[in-house]
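These notes concern the structure reproduced below.
The values are calculated or read from the model by the stated rules, or taken from the named source; none is laboratory data. All values reported here derive from a predicted model rather than from experimental measurement. Note that we place each Cβ from the backbone using ideal geometry, even for glycine, and neighbour counts take in every protein chain shown.
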Amino acid sequence: MTATLPTLDQTQLSRAILLLDEEWLAHDPELGPVMPLVLGRGVGQDWHKAGTFRHHLIGVARTLTLWQQPKHVRQLGLLHSVYGNAHVDLMKFDPKSERGRLQEAVGEDVERLIHLFCVISRIEFLGELFKGHLTTEGSLTVTLQGKPFMLSARDVAAFIVVSMADICEQWYSWQDDIYMGYPDYKPEPAQQHWAAALWPGPMRPTTYRWGHISRLGHFLLHPALKDQLPQPPVFDHGKKIMEPGDEAAAAALYWSVMQQSQPLMSPKATSAVLEQAIKLNPWVAEPYMVLSQLYMTERNFELGQAYAEAGVQMAACWGNSWDKRIGWDGWMSWGRVLLQSAQKRQWPETLNKLNNVALTPSI
């Protein structure tokens, strides 16, 4: 072990385990009553990036719930694009005639946030933040209907947290390619770049958007914003910012392992590559879990347990996966299998037995 690894927070893990239940949303007293209204608009049938629109909305709400955000932020997350926006042609409620319908469901304040989040330019919102235009009072000026519009510190904080959850739920390499350089991207012709346009692409992890999340989290430490909302438990609670080069290199190293571009007769080179990926990007779960399995295969259960704990902790903090070939619930389940097996000092000795590993209720 070359550095101190994240340790498992049992309270955070308990929160995450509750959200592995597919019925968690129905039982949530603040979100459950709203969901039937959204489901009635066919969100479970709409395509959205790595799944359906329903999958996306629930994933955003799940992350915000893990981050212990208040009711108005979680409801904003659950409904954040239902009026449509510049990136998604999914208008589930007509903003000209149905705002009252949502106001009845969530109240005027939350509906105002939902509508505003849909009608402002999110590209401009992020761009203005990244350019350092946040005022001393925590307000930010954007354009609305062709005129300057000032977002209050309360609204800025809510939009930052929901943007963090929105990015982590959906972004992977396909969007890296079609939105390269976002938010300062230039639209490219699809016919010319047909290979990049083929959905879903290779599904590599993003090479730069987790760095954006780290910068957004850091903005929440602004004196006028830091007491507006609970600080998300990622990037050392907003204290660390990931450099673009480190993120891109870490993703490339991790992906080289997933594509088996390392020597296959010995795991030593692969372990070293994963160690370096973790050093560059210690904020995501999946490299820890893959490395844990490698150590377990070598019967190094001590390191296997340490990396499994780190991976489960990171997954429990995010609520969505970084490697989107597998959903968050799958990674959480696999990480807990690794951790339990390491604690028992057991791991399959033959390949076929890998298919048999299972979790018992103690973790």
Sole exception among (1) in contact (Cβ under 8 Å) with a residue 40 or more places away in the chain; (2) over 24 Å from ILE326 (Cα atoms); (3) of a type in the set (Val, Ile, Thr) for THR65, by number: (2)
Listing of helices (runs of 4 or more DSSP H) fully contained in the stretch 1-76 that carry 1 or more residues being at pLDDT 95 or above: 10-18, 24-27, 53-66
Filter result for ASP28 (within 27 Å of PRO200 (Cα to Cα), without any contact (Cβ under 8 Å) to a residue 60 or more places away in the chain, surrounded by 16 or more Cβ atoms within 10 Å (Cβ to Cβ) and of a type in the set (D, E, K, R)): no
Identity of the residue in the stretch 207-266, among the polar types (S, T, N, Q) and in contact with a helix residue (DSSP H, G or I) (Cβ under 7 Å, 6 or more places away or on another chain), that ends up surrounded by the fewest Cβ atoms within 10 Å (Cβ to Cβ): SER256
Matching residues, the stretch 126-159, being crowded, with 19+ Cβ neighbours inside 10 Å, within 23 Å of ARG99 (Cα to Cα) and not small (Gly, Ala, Ser): VAL142, LEU151, ASP155, VAL156, PHE159
Sole exception among (1) in a helix (DSSP H, G or I); (2) among the aromatic types (Phe, Trp, Tyr); (3) over 21 Å from SER256 (Cα atoms) for TRP334, by number: (3)
Those residues of the stretch 71-104 which are farther than 16 Å from GLY42 by Cα, surrounded by fewer than 17 Cβ atoms within 10 Å (Cβ to Cβ) and among the hydrophobic types (A, V, I, L, M, F, W, C), in sequence order: ALA86
Residue match in the stretch 170-179 (condition: touching a residue at least 12 places away in the same chain (Cβ under 8 Å), touching a His at 6+ places or on another chain (Cβ under 7 Å) and either exposed (fewer than 15 other Cβ atoms within 10 Å of the Cβ) or not in a loop (DSSP other than H, G, I, E, B) (or both)): yes
Residue under evaluation LEU216, criteria (1) outside any loop (DSSP other than H, G, I, E, B); (2) touching a His at 6+ places or on another chain (Cβ under 6 Å), criterion not met: (2)
